[in-house]
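The values are calculated or read from the model by the stated rules, or taken from the named source; none is laboratory data. Note that the coordinates shown come from a computational prediction; the quantities given were computed from them, not determined experimentally. No Cβ is skipped: glycine too gets one built from the backbone with ideal geometry, and neighbour counts run over all protein chains shown.
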Amino acid sequence: MSAPAGGIRFEKVSVAYGQHTVLDQLDLTVAPGEVMALLGPSGSGKTTALRAVAGFVAPASGRVHLGDRDVTDLPPYRRGIGMVVQSYALFPHLRVEENVAFGLRAHKVPRREIPGRVAEALELTGMADYARRHPRELSGGQQQRVAIARALAIKPAVLLLDEPLSALDAQLRSGMLAELARLHRELPDVSMLYVTHDQVEALTLADRIAVMDRARLVDVGTPQELYRRPRTEFTASFVGNANLLPVRVTGAGVSFEGVPLKVATGAAAEGAAATLCVRPHLVGLGEGPNTLRGTLGEVQWRGAVHRLYVDVAGHRVTADLRELKETPALGSDVALHFAPDDAVLLDAGVSHG
């Protein structure tokens, strides 16, 4: 199944409800064939951005482009997009094949083409054997596949997904993530805008992630860039777990509560206040190049790892340790360490507002 080359471009798009701005000056480009995740907490503006692309909300200012078309003033049905929402939105009285055909009829596709397009979309989503069933006869994951098939049947250049997996349990969510990744490989020309508050979904599926907070774009980059070298404290804490330690920049590195530490990256000026970001899985137990000493406050066993919470001079430091055969006693003094290359220095002047 092919789609015309697309892509999405937000050009300083703002959306307001009365005096309340819910999307503020969004500048963002999604390349043709790219999966862009909009990641952020509730109220960050990510769903509003998606609805602006769909045509369900009108920008107070700015323009929305799909491919080389300015669609800001076009109604939704003329934009040629597919959309999948978390509630599936299937018609309960229609069979699977009729649900998928509905969008084609709405787009006035010639009647003789509809059966073939329906069969193609159901085959692509692994639902060909369920064409005659009603939605009530399907699991949640199967219903979501039908919703995706319906969106793909119109052969959109742009596919919008609004929290599509949030209603599924963990096992189904994992399976559907794999299916969406497969669809991305099989539909290399379709741009996908994927709204989620789940960092695992964003890290797993997206080519790039746009991090949003308080109606504004905070950061954008590949999952690896945002995870390994976050630019702001908000990005560091929202894209994966992070230890964020207040430090003072020195000539030899940084100082944390009087303890000298070496870091490999960071552009903060000497004497400046900054934040040191270290991922919990990069923190080891015992002494090493950068050693912090503290009191063990809590241990959580999470199957693959033991998570240790250690009080270091009034700051909680987290370490995720694999294959820890014997855990220290609660309340005992422990040493933690991390390598200079595994720490990222964040300029305290870079805010997320």
* To do: Select from region 93-127 the residues that are among the small types (Gly, Ala, Ser) and either in contact with a helix residue (DSSP H, G or I) (Cβ under 9 Å, 6 or more places away or on another chain) or outside any helix (DSSP H, G or I) (or both) and write down the one among them that is surrounded by the most Cβ atoms within 10 Å (Cβ to Cβ).
  => ALA121
* To do: Return yes or no: is ARG9 surrounded by 13 or more Cβ atoms within 10 Å (Cβ to Cβ) and of a type in the set (D, E, K, R)?
  => yes
* Structure fact -> Among ALA31, ALA60, ALA16, ALA49, the single one that is at negative phi, surrounded by fewer than 17 Cβ atoms within 10 Å (Cβ to Cβ) and under 22 Å from the mean Cα position of the chain (by Cα) is ALA31
* Structure fact -> All-but-one check, TYR130 against (1) crowded, with 16+ Cβ neighbours inside 10 Å; (2) at pLDDT below 95, failing number (2)
* To do: Among residues belonging to region 334-353 that are among the aliphatic types (A, V, I, L, M) and at pLDDT 95 or above, point out the one that is nearest to ALA274 (Cα to Cα).
  => ALA339
* To do: Spot the failing condition for ARG216; the list is (1) in contact with a strand residue (DSSP E or B) (Cβ under 7 Å, 6 or more places away or on another chain); (2) surrounded by 23 or more Cβ atoms within 10 Å (Cβ to Cβ), and only one is missed.
  => (2)
* **Selected residue [under 30 Å from TYR17 (Cβ atoms), charged (D, E, K, R) and within 25 Å of the chain's Cα centre (by Cα)] from ARG78, ARG150, ARG173, ARG69** => ARG150
* To do: Kindly check whether there is at least one residue in region 62-73 that is of a type in the set (A, V, I, L, M, F, W, C), out of contact with any Gly (no Cβ under 8 Å at 6 or more places or on another chain) and modelled with pLDDT of 95 or more.
  => yes
* Name the pairs: first residue in region 155-180 and in the same structural domain as GLY33 (by TED's automatic domain parsing) and modelled with pLDDT of 85 or more, second residue assigned to a loop (DSSP other than H, G, I, E, B) and acidic (Asp, Glu), Cβ to Cβ under 9 Å, at least 6 apart or on different chains? -> ALA157/ASP189; GLU163/ASP198
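Quick grid of which residues meet (1) surrounded by fewer than 16 Cβ atoms within 10 Å (Cβ to Cβ); (2) under 30 Å from GLU326 (Cβ atoms):
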{"residue": "THR232", "(1), (2)": "no, no"}
{"residue": "PRO246", "(1), (2)": "yes, no"}
{"residue": "VAL249", "(1), (2)": "no, no"}
{"residue": "LEU261", "(1), (2)": "no, yes"}
{"residue": "PRO289", "(1), (2)": "yes, yes"}
{"residue": "ARG293", "(1), (2)": "yes, yes"}
{"residue": "VAL312", "(1), (2)": "no, yes"}
* To do: Taking the options VAL84, VAL57, VAL100, name whichever one is over 30 Å from GLY126 (Cβ atoms) and of a type in the set (A, V, I, L, M, F, W, C).
  => VAL57
* To do: List the number of the failed condition for LEU90; all other conditions in (1) under 19 Å from LEU187 (Cβ atoms); (2) assigned to a loop (DSSP other than H, G, I, E, B) hold.
  => (1)
* Asked: Only one residue in GLY303, GLY286, GLY294, GLY331 is farther than 30 Å from GLN25 by Cβ, modelled with pLDDT of 95 or more and out of contact with any Ser or Thr (no Cβ under 7 Å at 6 or more places or on another chain), so which one is that?
  -> GLY294
* Filter region 269-309 for residues that are part of a strand (DSSP E or B), touching a helix residue (DSSP H, G or I) at 6+ places or on another chain (Cβ under 9 Å) and of a type outside the set (A, V, I, L, M); which is farthest from ALA335 (Cα to Cα)? -> THR275
